[in-house]
Every structure is written in structure tokens, then in C-alpha cells.
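One structure below.
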Amino acid sequence: MSSSMRLAVLLLALLSAHVHAQSWPNKPVRFVVPSAPGASTDFSARLIANRMAPIWKQQVIVENRPGANFIVGTEYVTKQPPDGYTLLFSTLGGPSLNPAIYPDLPYKATDLIPVVQTSRNTVLLYVNNSVPARTVKEFIALLHANPSKYNHASGGTSTYMMGHLLRSLAKVDFVDVNYKGGAPAFASLMAGDTHFSFGDTNTAAAAEKAGRIRPLAAASRTRSPLLPDMPTMIESGVPGFVFTSGVGIFAPAGTPMEIVRRINAEVQPVVRHKDVTAALEKTGTEAETGSQEDFARLVRSELELWSKLVKEGNIKAVD
């Protein structure tokens, strides 16, 4: 094929992509949530889907595909046509944490395009009331003085990795006890079968309300406006301890960037609307958004962080 013919084919492909993007959406759009109905991510997806339907003049369907630490739903989206009609609505677990820890994952981080962040959940370090520590510094001193005596309740890959992050940064040792989800992990913490865990305010609500656990610090980089009196792990003496429980929309690789940018531009004002922000805050979730490049940078930094931790600690995936 001559160079002029190749140029003509390229121009035709670009024109076709542009026309396709201009007509999008002309049928219903799906938000695939890789977790069960009722969780905070599912609530956020439905809240935003209802707001996007009149803007896009199409039905926006929320479809739950839970299983295998977000792998089932995430893989499903990566295998869909890159046309903007099937999107992943997820925490960063599927797109950035799983590719770092699972060696035989059926998809790669590059199989998804970060489109727009919609919110973030502040994750806290909680201890059972039997633990004689009122601050993170006291708790770390306790772990140093009693290696392998205290148990960490892990509710899945994210909290499992947070335990490893604490172990790496604070140079402490403890026993990981793995549960199938945050609810059973916090049930064990509330019962005193385990001593500490990481979780968002929703996950910990029942146990905290019962007065059997207490939070020591937040894993966010800065203090959450929803919890202004709660110090961060960094403030509490663990430099580098940041866990970004971000939530956002992802598209299959190859989706035209015109569609990606349009979704980003049209979702942002919806997320920032006072009614949406207020609804998210009732679930302990902060509205958080920005450019496509900002979100891609966040996803990439998380992938780099966890990949480094897995390699340095020779960490194996949790079932």
C-alpha cells in the first residue's frame, strides 16, 4: 500500500471515529458495577446514572457483576466493544490494585481508560476497644512490643494490602486474618476475635455505633472535610501511608477520546451539584472529580504504589 493510500485509510478511520463520537449516545448506556447491590459504589452509580439519563437522552442502566474482588465485572467491561456504551463504575480496586497483585489476571491495567473520578471514601484505621492504644503512635508501639500478638481483620484485597502497607512503613508485625468482605471482618473486630482493621465509615458504622471499636486515624492524604477532627496516618507518624479509595468511571481501551472527554465534561457538573454532593455525604462519601488526565494520573500512581509494595514484600494475592 502506498503512503498516500495509508494516509487516506487513516483519515477515513479518524473521520469514522469522529462521526461515531458525534452521534453518541444513540442507545442505552450501561454502568457495570463490579460489586454487589447496596454498597456505596452501587449507590453512587445509581445516583449518577439517574442524573445522566436526561442529559444523554438515553436510559442509563446500572448492572451489578460482583465476584472475585472486582475481577468478574472489570474483566467483563474490558471485553466489551470500545464504543462508550458499556462503562465500568468502580473503585480503583479492579483497575489499579488487582493488576498489581494478581499475576494471572485476565486483563491488564491498560485495557481500561480512566474517564472521570466521581467520589472518594475515607478509609480509617479502627481498633477493638480491648486494644490499650488511643493514638496511632501508641498502637505502633504496642505492635513493636508484641510482635505477632495482634490480629488484623482483612475484608478483601484492599484492606489486605493496607495491612501490608502498615507492616512495610511502620516496620511492625501482626497476623492477617482474611474474611470474605468488610462486613464479616468488622463483625470479627466488634466481637474481639481480631484487634484492628481498615474500613470506611459505612462498613464500620454498626460496630462503631455499638461502641465496641474506635477509629484512630484516616488513610487520606489530607483530613476529610466530613471528619475534620480525625488526624491522618501521616500526621500520626506514618509518613507515606495513603490509601486512595477513589471511585470513578472507566471505558474499554480503544474508546474514542472524543467520547471519553464528553463523558468527563458532562459527568463533572453532575457530581458537583449540591444535591448529589449532599446525597453522597449521607453515605460518608465525598464528591471528587477533575479532568480525565487527573484521574488517569491517580490510577497510574496507585498502580505504581501497589506494584512496588508487592514486589518488595513478595506479597501473594489473598483469596
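The values are calculated or read from the model by the stated rules, or taken from the named source; none is laboratory data. From a predicted model like this one, the values you see are computed outputs, not experimental measurements. Because the Cβ atoms are built from the backbone with ideal geometry, glycine has one as well, and the counts that use them run over all protein chains shown. Note: areas computed on protein heavy atoms with side chains; ligands, DNA, RNA excluded. Shrake-Rupley method; radii C 1.70, N 1.55, O 1.52, S 1.80 Å.
A few points about this structure:
- The set of residues in the range 111-127 that are open to solvent by less than 10 Å² (accessible area, probe 1.4 Å) and either out of contact with any helix residue (DSSP H, G or I) (no Cβ under 9 Å at 6 or more places or on another chain) or without any contact (Cβ under 8 Å) to a residue 12 or more places away in the chain (or both) is empty.
- Of all residues making up the range 293-319, the number that are part of a helix (DSSP H, G or I), surrounded by fewer than 19 Cβ atoms within 10 Å (Cβ to Cβ) and not aliphatic (A, V, I, L, M): 11
- Screening the range 262-317 for residues that are of a type in the set (G, A, S) and over 15 Å from the mean Cα position of the chain (by Cα) and picking the one that is modelled with the lowest pLDDT gives A317.
- The single condition among (1) under 16 Å from the mean Cα position of the chain (by Cα); (2) in a loop (DSSP other than H, G, I, E, B); (3) surrounded by 19 or more Cβ atoms within 10 Å (Cβ to Cβ) that R221 does not meet is (3).
- Some residue of the range 239-255 being out of contact with any Phe, Trp or Tyr (no Cβ under 8 Å at 6 or more places or on another chain), in contact (Cβ under 8 Å) with a residue 60 or more places away in the chain, more than 26 Å from S168 (Cα to Cα) and surrounded by fewer than 19 Cβ atoms within 10 Å (Cβ to Cβ): yes
- Taking the criterion of being closer than 23 Å to F243 by Cα, open to solvent by 40 Å² or more (accessible area, probe 1.4 Å) and touching a Gly at 6+ places or on another chain (Cβ under 9 Å), the residues of the range 53-71 that qualify are P66, N69, F70.
- When V72 is tested against the conditions (1) touching a helix residue (DSSP H, G or I) at 6+ places or on another chain (Cβ under 8 Å); (2) at pLDDT 95 or above, the lone failure is (1).
- Some residue of the range 143-161 being within 17 Å of the chain's Cα centre (by Cα) and under 27 Å from V276 (Cα atoms): yes
- Unmet requirement for S148, which otherwise passes all of (1) open to solvent by 30 Å² or more (accessible area, probe 1.4 Å); (2) outside any loop (DSSP other than H, G, I, E, B); (3) touching a Phe, Trp or Tyr at 6+ places or on another chain (Cβ under 7 Å): (2)
- Lone qualifier among S130, S90 - being outside any strand (DSSP E or B) and either surrounded by fewer than 22 Cβ atoms within 10 Å (Cβ to Cβ) or touching a residue at least 60 places away in the same chain (Cβ under 8 Å) (or both): S130
- Test: residue in the range 107-119 that is part of a strand (DSSP E or B) and touching an Asp or Glu at 6+ places or on another chain (Cβ under 6 Å): yes
- Filter pass, K108 being open to solvent by 80 Å² or more (accessible area, probe 1.4 Å), at pLDDT 95 or above, under 25 Å from M162 (Cβ atoms) and touching a helix residue (DSSP H, G or I) at 6+ places or on another chain (Cβ under 9 Å): yes
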